Amino acid sequence: MSSVVENVAPGNSKKSGLSIDTSFSTSLNGVGISVSLDEDLAMTLGASYTMGNFGLTMYVNYAQADGGGKIGATMSF
């Protein structure tokens, strides 16, 4: 779990004042899950699965603030 707390100065953003972003994430046996909340309580969800030592990772992400998400895969070797 991690949190970022900052004070946004007036005029630098649509919203000024105290801003808190929090993320929770965990990983076990190649499966990763993450949940994030921003100052408006808009949620971002993510999940991934890494297949063994082959370097193939499949992922899915959804961002409530954007109203959509992504599905994809990456391969490294």
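The numbers here are math on the coordinates, done by the rules we state, and not lab data. All values derive from a computational prediction rather than experimental measurement.
Quick notes on this one:
- Cα-based values for the chain, radius of gyration first and Dmax second, are 15.8, 49 Å.
- What separates the Cα centres of region 49-77 and region 6-48 is a distance of 18 Å.
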